[in-house]
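A short write-up of the structure that comes next.
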Amino acid sequence: MPALIQATQCEQFREQGYFVTEPMWSSSALDRVRAEFERLHGEHIRRAEASGDAIQIDLARTRPFIGQAHTRSEVLKDFARSPIYLEACAHFVGPDADLYYNQVVSKPPEHGKHFGWHQDSGYMVTKPLAYITCWTAISRTFVENGCIWVIPGSHKRGLLPHARNQVDQSWDAQNVDESGAIPVPMEPGQVAIFSSLMLHKSGANVSRDVRHGYVPQYHVPGIVEQATGKRFGDQFPVLRGGLPV
Ligand SMILES: O=C(O)CCC(=O)C(=O)O
């Protein structure tokens, strides 16, 4: 099979911390994933309403991020093992890789909330530290519907301190120098592959279009939380000895 990731993209990953692939799936495969997102979003809203927690209900309506999607959907469990993700693992994680975490990240039209600057490694400091995030456009994403933004090269700044943003319920990097920040608009099926040390954010959705993303992250097997030494993450094997599991 021809390589999906080129040498120039590996170089961009090393130097700038990210690159964006060509569209990787057929429109029928993406339709299937979108239909699954709608089903999961309905469940997510019902769970939030049943909890009676006002913050969870607001987030379910304005920034529905649904974690550990592979445990809720056979479609996404399969999707998380797509060839582009496994090839990214082989390049940037190693011959053995696990799904670390995966989320459905949607922003409803007109009132999808923004999400502040952060490094994914800032949420939970793991040992080893760095892993990869594969931010996948399931719908078209653009500035007005809340596409992601990155600061190229920021993965070389090391891990920045992060603090809870009580207004947005996010975990934001502190004292971010935003110079050089760029939006990363994508067509459906494109993937932004970046280091967990890369500073990124996403804007509000002020458009009439929903923004759908799927975000699997991959790490080496057996990773632990740095502070406690306890195993952490989904630890769901996807690659062993360079071969799909
Ligand atoms: O998709 C988004 O809006 C941002 C998601 C994100 O960066 C994250 O969950 O770490």
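The values are calculated or read from the model by the stated rules, or taken from the named source; none is laboratory data. Note that the structure is a prediction, hence the values are computed from the model and not measured. Counting neighbours? That spans all protein chains shown, and the Cβs are built from the backbone with ideal geometry, glycine included.
Is it the case, given these coordinates, that Pro237 is modelled with pLDDT of 95 or more, more than 16 Å from the ligand (Cβ to nearest atom) and part of a strand (DSSP E or B)? Taking the combined requirement at face value, the residue satisfies it.
This table checks each residue for (1) of a type in the set (Gly, Ala, Ser); (2) surrounded by 23 or more Cβ atoms within 10 Å (Cβ to Cβ); (3) away from the ligand (no atom under 14 Å from the Cβ).
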{"site": "His91", "(1), (2), (3)": "no, no, yes"}
{"site": "Tyr100", "(1), (2), (3)": "no, yes, no"}
{"site": "Ser139", "(1), (2), (3)": "yes, no, no"}
{"site": "Val143", "(1), (2), (3)": "no, no, no"}
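Of the residues Gly189, Gly203, Gly213, the single one that is buried (at least 20 other Cβ atoms within 10 Å of the Cβ) and on the phi > 0 side of the Ramachandran plot is Gly189. Apart from one condition, Pro95 fits all of (1) farther than 23 Å from Val125 by Cα; (2) surrounded by fewer than 22 Cβ atoms within 10 Å (Cβ to Cβ); the exception is (1). For Pro83, the requirement of being more than 16 Å from the ligand (Cβ to nearest atom), at pLDDT below 95, under 30 Å from Gly153 (Cβ atoms) and out of contact with any Lys or Arg (no Cβ under 8 Å at 6 or more places or on another chain) is not met. Entry remark, the range 113-137: residues being crowded, with 19+ Cβ neighbours inside 10 Å, within 11 Å of the ligand (Cβ to nearest atom) and of a type outside the set (Gly, Ala, Ser) number 9 in total.
Highlighted here are the strands (runs of 3 or more DSSP E) found entirely within the range 35-134 that include at least 3 residues which are more than 17 Å from Gly189 (Cα to Cα) and free of Cβ contacts under 8 Å to residues at least 60 places away in the same chain: 65-67. Could you check the range 49-74 and list, in sequence order, the residues that are of a type in the set (S, T, N, Q) and surrounded by fewer than 17 Cβ atoms within 10 Å (Cβ to Cβ)? Passing the criteria: Ser51, Thr62, Gln68, Thr71.
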